[in-house]
Amino acid sequence: MVRIISALILAVTAVCASAADPLQLVDNPPDRHVVVKGDTLWDISGKFLKQPWRWPEIWQMNKDQIKNPHLIYPGDVVMLDMSSGSPRLKLGKRVGGAAGGPGKLQPSVHSAPVQQVIPSIPAGAIEPFLSQPLVIEDSELNTGVKIVAMQEDRMLVGTGDTFYASGIPDTAITKWHVFRKGKPLKDPETGKVIAYEAFFLGNARLVKPGEPSMLRVSLAKEEIARGDRLVPAPEPQIISYVPHRPEQDVSARVIGIYGGLREGGANSVIALNVGKNNGMEIGHVVALYRKRVSLDVDQDGRRTSTPVPDERYGLAFVFRVFNGVSYALVVESSKAVIAGDSARNP
């Protein structure tokens, strides 16, 4: 399959353009392009558009298509359609004719195994964050599955060791993530703790159901102790959403850089103080801003400050959403990202 969306991380800048700005075609654009192995949507759109990052517009994707974008395969033919008065790209498939030749076109229909689906942003950048627990919200602080005892009364266990946990509600769930409550994620404006970062420790498999249940550590990233928590280990999701603007007004703050870092940059994972309760969803793109203050000295030698417009310096792609917290991948940044920076509509 073509790596059609392998460069889609760049395409998030499409949201920077105003929908009122007309799409501009390159000089003498081709009327069609035959897809070959190695093509990306960025490359294909660049053959037609002066601003290839606006490819969702030229494909005229609706909301459902944004959530489930079309896949493109080698041999497909991307055709430029101007019948509506504005540029639009359509897909067809050549039947007959030599490679690169005219041939006959027909609508393309594909059937492919799920594992061949290419995600919207590079899987390697966010794969560790798709299924592992990232945060513990208030509702989970005093509930859930907890380790109550160790093999042979040990203090710590690792890969291959067993432990006992209480509260496993469904014996059909055999795979579990083990984590520990990490640093608090605080709202920069109110100081209120929104959630706690979940520090991933490893994986475990149910061996013997009961109360408590016996589990065996299948993978330990860190040593596991009594009191650590467990959540079911879901299958990794395939992130196929196309980057798009939030429909609602977004006024958020960066509340942390994952891993306890003080600052981040491109490809860093950041936490925002908005989530499902605020209308955030996978695929939303937000612009990152830094508050600026102009410092000066008056005639008496006193230092004064003058607020100036906030500086926009980057973009982030939301890939996982909780009730009150969202996690986003920084896809563009001209400076370091720090807690307290703003995230708004692009």
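The values are calculated or read from the model by the stated rules, or taken from the named source; none is laboratory data. Worth saying up front: this structure is predicted, and the values here are computed from it rather than measured. Reconstructed Cβ throughout: ideal geometry from the backbone, glycine too, with neighbour counts over all protein chains shown.
Pick from the stretch 47-63 the residues that are at pLDDT below 70 and among the charged types (D, E, K, R): which of them is farthest from HIS284 (Cα to Cα)?
ARG54
Go through LYS208, LYS183 for me and flag whichever is modelled with pLDDT under 90 and either closer than 30 Å to ILE58 by Cβ or among the charged types (D, E, K, R) (or both).
So the residue among LYS208, LYS183 that is modelled with pLDDT under 90 and either closer than 30 Å to ILE58 by Cβ or among the charged types (D, E, K, R) (or both) is LYS183.
Out of everything in the stretch 15-46 that is at pLDDT 85 or above and charged (D, E, K, R), what residue ends up being farthest from VAL242 (Cα to Cα)?
So the residue we want is ASP27.
Does the stretch 267-274 include one or more residues that are more than 13 Å from VAL178 (Cα to Cα) and surrounded by fewer than 19 Cβ atoms within 10 Å (Cβ to Cβ)?
yes
For the stretch 165-194, give me each residue that is assigned to a loop (DSSP other than H, G, I, E, B) and among the small types (Gly, Ala, Ser).
Listed by number, the residues that qualify are GLY167, ALA172, GLY191.
Assuming GLU197 fulfils every condition listed in (1) within 19 Å of the chain's Cα centre (by Cα); (2) surrounded by fewer than 18 Cβ atoms within 10 Å (Cβ to Cβ); (3) part of a strand (DSSP E or B) apart from one, which condition is it?
Evaluating GLU197 over (1) within 19 Å of the chain's Cα centre (by Cα); (2) surrounded by fewer than 18 Cβ atoms within 10 Å (Cβ to Cβ); (3) part of a strand (DSSP E or B) leaves (2) as the failure.
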